[in-house]
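First up is the structure itself, then whatever we jot down about it.
The values are calculated or read from the model by the stated rules, or taken from the named source; none is laboratory data. Keep in mind the model is a prediction, meaning the values are calculated, not measured. FYI the Cβ positions are ideal-geometry reconstructions off the backbone, even for glycines, and counts take in every protein chain you see. For accessibility, only protein heavy atoms count, side chains too; no ligands or nucleic acids. Shrake-Rupley method; radii C 1.70, N 1.55, O 1.52, S 1.80 Å.
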Amino acid sequence: MSPYALSVLMSSLAIGTIMTLSSTHWFLAWMGLEINTLAIIPLMTKMHHPRATESATKYFITQATASALILFSTTINAWILGEWTITNLNPMSSTILTIALAMKLGIAPFHLWLPDVLQGLNLMTGLILSTWQKLAPMTLLVMISHQLNSNLLMMMAVLSTIVGGWGGLNQVQMRKIMAYSSIAHLGWMILILTFSPTLTILNLMIYIILTASLFMMMINLYSTNINKLATSWLKTPTLSALMMITLMALGGLPPTSGFLPKWLIIQEMTKQHMGLISTIMAMSALLSLFFYLRLSYTISLTTAPNISNSNLVWRTQLKPLTTLPTSIVLSLLLMPITPLLLTMIT
């Protein structure tokens, strides 16, 4: 792809997200979401392959349906209340809007497009889809969190964590595993949305840091499936060891950064006297932890010996991803500054 075209598309992605983040009018927020969708589709199809075309088509149809629902719900809201302000919603518009934004994010039961779309993309576009594209819809959910139906959100949250954990168990493709990981993490975010939007923002920040770190490591190691991941120890032992720890962070094991949001969310849900839902969420997180552990052991211990055909010990030349060391440090060491993070977000 031409550097000029790429710069225009990346700028459009940034402009669309910033437009949605800074808007107080539903029509401007909808326009930002549309710009986001239209900017990423050429990035999806730059890899000339039938899978990429299929992914772009599925993504476009899903996002167009969600955008139509958003426009429909906000028009009904303007018809009933006589205003387009984001912070004022009637109950019917709130429910339709929740479903539409769940479709955009890939929250269960509207998640079926996400694994297939992510599998057809290259790793860098997959990184953008898994991180940057979550910002605008999640921001809208946070902005209207006080008017949402908490029962509907909790139902989708529990379903997302179960589907995200169960669906990733038998996967061998790294991009599909990351898709189911995304579904499970989104479940944790929307669970706490109506009770503590601050924790939702914290969870989103940490999810983006962890996912970006893992995708950048996969780009460096050329790993798109478990078999390729098994040979990564021969290429870059240090990066492979850090990848194991980052997978543990995604699973939510202490003392990594991934443990922080799960701990705070379960604590808040217990304060709200929702012990049963907290227990179900914690148990479903074990399903996700299982396939993260499987990937970690694949890198180091449990696969058959993967001996290089060469007699020489070789190392790959790392790509110049200058943000990778910073993101790895943030993925592993945010626990001690938890109070500072919460204060900054609040």
Calculated from DSSP helices alone, with each H run of at least 4 adding -39500 (n - 2.57) and the total divided by the residues of the chain, [θ]222 nm to the nearest 500 comes to -24000 deg cm²/dmol
Simple spin-label estimate for M1/I61, 7 Å along Cα→Cβ, in nm, reads 2.3 nm
With a Förster distance of 51 angstrom and the Cβ-Cβ distance between I337 and N88, calculated FRET efficiency to the nearest 0.05 equals 0.90
Rounded to the nearest 10 degrees, the helix 91-105 long axis (Cα) sits at an angle to the longest Cα principal axis of the chain of 20 degrees
Shape call for region 1-148, from the Cα gyration tensor axes a ≥ b ≥ c (a/c under 1.5 means rounded, otherwise prolate when a/b beats b/c, else oblate), comes out prolate
Taking 0.36 nm per residue of separation between T279 and V142 and subtracting their Cα-Cα distance, the length gained on full extension comes to 46.9 nm
Helix 174-191: inclination vs the chain longest Cα principal axis, degrees, rounded to 10, gives 40 degrees
Each label sits 7 Å from Cα toward the beta-carbon; between I15 and M47 the label points are separated, in nm, by 2.7 nm
Around G120 (Cβ within 10 Å, Cβ-to-Cβ, excluding G120; K/R +1, D/E -1) the net charge comes to +1
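In percent, how large is the relative contact order of the chain, given Cα pairs closer than 8 Å and 6 or more residues apart? Present the calculation step by step, with values, prior to reporting the outcome.
Details: 484 pairs, mean separation 52.4, N = 346.
Answer for the chain is 15 percent.
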Helix 324-333: inclination vs the chain longest Cα principal axis, degrees, rounded to 10, gives 70 degrees
Rounded to whole angstrom, the alpha-carbon centroid of region 9-26 lies from that of region 182-261 at a distance of 26 Å
Treating only Lys and Arg (+1) and Asp and Glu (-1) as charged, each at its beta carbon, one finds that region 1-145 has a dipole about its Cα centre, in Debye to the nearest 20, of 220 debye
Quick numbers on the chain, Rg and Dmax over C-alpha atoms in Å, give 20.2, 75
A 1.4 Å probe over the protein heavy atoms gives the chain a carbon and sulfur accessible-area percentage of 71 percent
